[in-house]
């Protein structure tokens, strides 16, 4: 493809690219992939915390979306639709790989750290440790809460956008976030101060 | 107990999803509640820290390679040749399964209700009332939809809530009740109790 073509592709509206992709146009689909690959990758990574699995799942997400693209009826945006595929893939992956069981054991560990912070109470190390503990605590959240937390807090979606991805109501997203935060702040209370 | 509502609002406010009326109420509550102020501070710190969490960043070369690999795999794929089983044919099995489960659950409820203890313990139960609704709806998605719409409309009218509620899926969403606000739950309880008395 010439440089001129490439420039033109980046200017094409998403709806047009989707229509072309539905007709089997791989270049149009490649442009859609280019627009969303980083965001999709980051979202999946927040579930897996592992680059090799994330890479596989991101590729699978785009492959699955292309296979199913003829059935995309534009009731939601392409972005919402492909995010839903990525989130479902990630959740299935976590369930299949049995990580949730590991997390259950981890829950106890997290319970313990809530009583005794591991290292010195110096501000810098506390802050660094808070980051690490937060990552672990987010990983150990129940999947429904974790999904809302990842999409809204880490991806910056509104409750409405997350609700469309997760196929639930905005109110549900709001309650899940409230509960996720409640769990996180109680687990990390030694690092958050009184 | 009263602070639970405000804790929820603090969470919403961090996502900039709290409406003006509630924001004003929250501000005046925070002015007089040290516990909630401290809770808000802790959540703010949590939020800041969460935003600092590692986010993978790769050079453009990585993404070019990603797209190249994908393009190779896409060559062998036709759009529409989906391995996603979302069609009605496969959904049919899911609906049939759901119908059987509902039938079994209803039979169990009916059998249990006939026991002598059932009468003794026949106090108001929110779940029991909903069982009746579930029974009526069965596996009819249109009926479920109609019920959702009617329920949401009456909740809005009754609680005077000005929050936009986006069509909660009552039957499909296990968190539906969890997602209602305190006013909405109170209203729902009141209405059901009234219904039972009459």
Hits in the range B:6-46 - residues which are part of a helix (DSSP H, G or I), closer than 22 Å to residue A:192 by Cα and under 23 Å from the mean Cα position of the chain (by Cα): B:6, B:7, B:8, B:9, B:10, B:11, B:12, B:13, B:14, B:43
Some residue of the range A:31-48 being more than 15 Å from residue B:71 (Cβ to Cβ), in a loop (DSSP other than H, G, I, E, B) and touching a helix residue (DSSP H, G or I) at 6+ places or on another chain (Cβ under 8 Å): no
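Within the bounds of the range A:108-115, is there any residue that is more than 15 Å from residue B:46 (Cα to Cα), at pLDDT below 90 and within 15 Å of the chain's Cα centre (by Cα)?
Restricting attention to the range A:108-115, the residues satisfying the condition of being more than 15 Å from residue B:46 (Cα to Cα) are A:108-113, A:115.
Still in the running and at pLDDT below 90: A:108-113, A:115.
The next check asks that each one be within 15 Å of the chain's Cα centre (by Cα); those that pass are none.
Among the residues of the range A:108-115, not one is more than 15 Å from residue B:46 (Cα to Cα), at pLDDT below 90 and within 15 Å of the chain's Cα centre (by Cα), which makes the answer no.
Can you tell me which residues in the range A:153-171 are within 15 Å of residue A:42 (Cα to Cα) and either out of contact with any helix residue (DSSP H, G or I) (no Cβ under 7 Å at 6 or more places or on another chain) or modelled with pLDDT of 95 or more (or both)?
Quick first cut of the range A:153-171, residues within 15 Å of residue A:42 (Cα to Cα) only: A:153-157.
Selection gives A:156 alone.
Might you let me know whether the range A:79-86 holds any residue that is part of a helix (DSSP H, G or I), facing chain B (nearest Cβ under 10 Å), in contact with a helix residue (DSSP H, G or I) (Cβ under 9 Å, 6 or more places away or on another chain) and modelled with pLDDT of 90 or more? Step through it out loud before you land on a result.
Step one: filter the range A:79-86 for residues part of a helix (DSSP H, G or I), giving A:79-86.
Narrowing the set further to residues that are facing chain B (nearest Cβ under 10 Å) leaves A:85.
Imposing the further condition that a residue be in contact with a helix residue (DSSP H, G or I) (Cβ under 9 Å, 6 or more places away or on another chain) reduces the set to A:85.
Now narrow it down to the ones that are modelled with pLDDT of 90 or more: A:85.
Looking for residues that are part of a helix (DSSP H, G or I), facing chain B (nearest Cβ under 10 Å), in contact with a helix residue (DSSP H, G or I) (Cβ under 9 Å, 6 or more places away or on another chain) and modelled with pLDDT of 90 or more, one finds at least one in the range A:79-86, hence yes.
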Evaluation of residue A:24 against (1) under 18 Å from residue B:76 (Cα atoms); (2) not in a loop (DSSP other than H, G, I, E, B) (one fails), failing number: (2)
Filter result (facing chain A (nearest Cβ under 7 Å) and either loosely packed, with under 13 Cβ neighbours inside 10 Å or more than 15 Å from residue A:175 (Cβ to Cβ) (or both)) within the range B:1-42: B:38, B:42
Residue B:85 being within 31 Å of the chain's Cα centre (by Cα) and at pLDDT below 75: yes
Subset tally (residues that are in contact (Cβ under 8 Å) with a residue 24 or more places away in the chain, at the interface with another protein chain (Cβ under 10 Å from one of its Cβ atoms) and either surrounded by 22 or more Cβ atoms within 10 Å (Cβ to Cβ) or closer than 13 Å to residue A:83 by Cα (or both)) for the range A:45-60: 3
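Can you confirm whether residue B:47 is at pLDDT 85 or above, more than 10 Å from every other protein chain (Cβ to nearest Cβ) and closer than 30 Å to residue B:12 by Cβ? Talk me through it step by step, then tell me what you get.
Numbers: at pLDDT 85 or above: yes; more than 10 Å from every other protein chain (Cβ to nearest Cβ): no; closer than 30 Å to residue B:12 by Cβ: yes.
Answer is no for this residue.
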Check on residue A:69, in a helix (DSSP H, G or I), in contact with a helix residue (DSSP H, G or I) (Cβ under 6 Å, 6 or more places away or on another chain) and within 20 Å of residue B:65 (Cβ to Cβ): no
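The values are calculated or read from the model by the stated rules, or taken from the named source; none is laboratory data. Bear in mind that the values here come from a model prediction, so they are computed numbers and not experimental data. Virtual Cβ from ideal backbone geometry, glycine too; neighbours counted across all protein chains shown.
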